[in-house]
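Presented below is the structure to which this report refers.
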Amino acid sequence: MKMSRKQEIKFAVCITDSEPDLEPRKVYQVLPDEAAAKEDHLRVVDESGEDYLYPAHFFVLIEVPKAKERALLLVDAER
């Protein structure tokens with residue numbers, strides 16, 4: 001997935017074990033979605049490479065150094 005330079009890449013750690021499509025303690029890429037945020041949801045890219053909406057309380061947003069973002073994105077692309 002290509003992102004423009006103006007879009008900020010964000011990541012979040014899953015903190016729930018009640019959702020079968022998510023793995024607890026796994027880092028997921030979060031895509032910008034203002035409408036979802038207003039409803040307290042995050043648009044998250046899962047193992048299938050597709051993005052889905054999940055309740056925001058399932059995650060904790062984390063800061064990743066710019067130099068390491070590419071490594072996380074490449075790991076996701078290899079799955």
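Values quoted throughout were computed directly from the atomic coordinates according to the rules given, and no laboratory measurement underlies them. Treat the numbers as computed from the prediction; the structure is a model and nothing was measured. We place every Cβ from the backbone using ideal geometry, glycine too, and count neighbours over all the protein chains shown.
Compared with the alpha-carbon gap, the fully stretched path from Lys26 to Ala71 is longer by 14.7 nm at 0.36 nm per residue. Across segment 10-78, the relative contact order, built from alpha-carbon pairs under 8 Å that are at least six residues apart, equals 32 percent. Per the Debye calculation on segment 10-78 with a single equal scatterer at every Cα and no solvent contribution, log₁₀ I(q)/I(0) for q = 0.21, 0.24, 0.27 Å⁻¹ amounts to -0.88, -1.13, -1.35.
First measure r as the distance between the Cβ atoms of Glu39 and Glu8, then evaluate 1/(1 + (r/R0)^6) with R0 = 22 Å and state the FRET efficiency to the nearest 0.05. Provide the component values of the computation, followed by the final result.
Numbers: r = 20 Å, r/R0 = 0.91.
It comes to 0.65.
Distance between the 7 Å Cα→Cβ label points at Glu19 and Tyr52: 0.8 nm.
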